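The values are calculated or read from the model by the stated rules, or taken from the named source; none is laboratory data. Since the structure is predicted, the reported quantities are computational estimates derived from the model, not experimental observations. Counting neighbours? That spans all protein chains shown, and the Cβs are built from the backbone with ideal geometry, glycine included. Just the protein is used for accessible areas: all its heavy atoms, side chains included, with ligands, DNA and RNA removed. Shrake-Rupley method; radii C 1.70, N 1.55, O 1.52, S 1.80 Å.
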Amino acid sequence: VSNLQGPRYISPAPNGGFVVSEECGDIKVFTSSRKLLCSLGSKYGHQFGNPAGVCVDMDGSILVADEQRRTVHLFPEHGTPVCLVSAGLRRPAGIACSSFGHLFVADAGENCVKVFKYRVMP
């Protein structure tokens, strides 16, 4: 895959595709055949500061850490983006999510990993 603007973080997606964050840019979503499916900025009309870590949860939602804005947003396959974390982060970098609805954020500004619950399990 070429023509990326400073690729930073990458995550596999459940459909066999993958998601890539671009430094000071956007988030690109690719199919299993490595074709560009969409960019989150265009699809959702969202302006990123400096997108960093990305991951995809069990529902197919894409989670993005934004270092500049110090936030984590969830982008569902259908619907509008949701800000999951808007305070308490100094420099969110890598992120991961568990099947139990936990969000793990590596905060490079505080040299720690922070754990959030973002989904209530039935």
Self-check item: Selected residue (only one of Ser21, Ser32, Ser39 is under 18 Å from Ala96 (Cβ atoms) and touching a strand residue (DSSP E or B) at 6+ places or on another chain (Cβ under 9 Å))
Solution: Ser21
Self-check item: Hits in region 55-80 (condition: open to solvent by less than 10 Å² (accessible area, probe 1.4 Å) and either of a type in the set (Val, Ile, Thr) or over 13 Å from Ser11 (Cβ atoms) (or both))
Solution: Val64, Asp66, Val72
Quiz item: In this structure, is Val85 out of contact with any Cys (no Cβ under 9 Å at 6 or more places or on another chain) and β-branched (Val, Ile, Thr)?
Solution: yes
Practice problem: Could you tell me whether Arg91 is charged (D, E, K, R) and without any contact (Cβ under 8 Å) to a residue 40 or more places away in the chain? | Solution: yes
Quiz item: Looking at (1) open to solvent by 20 Å² or more (accessible area, probe 1.4 Å); (2) under 20 Å from Arg8 (Cβ atoms); (3) assigned to a loop (DSSP other than H, G, I, E, B); (4) touching a residue at least 24 places away in the same chain (Cβ under 8 Å), which is the only condition Ala106 fails?
Solution: (3)
Quiz item: Can you name the number of the only condition in (1) modelled with pLDDT under 95; (2) within 24 Å of Ser2 (Cβ to Cβ); (3) touching a Phe, Trp or Tyr at 6+ places or on another chain (Cβ under 8 Å) that Gly101 fails?
Solution: (2)
Exercise. Scan region 6-31 residue by residue and report those that are part of a loop (DSSP other than H, G, I, E, B) and surrounded by 12 or more Cβ atoms within 10 Å (Cβ to Cβ).
Key: Ala13, Asn15, Gly17, Glu23, Cys24, Gly25, Asp26, Thr31
Self-check item: The lone exception for Met121 - which of (1) of a type in the set (A, V, I, L, M); (2) under 30 Å from Thr31 (Cβ atoms); (3) surrounded by fewer than 16 Cβ atoms within 10 Å (Cβ to Cβ); (4) modelled with pLDDT of 95 or more it fails
Solution: (4)
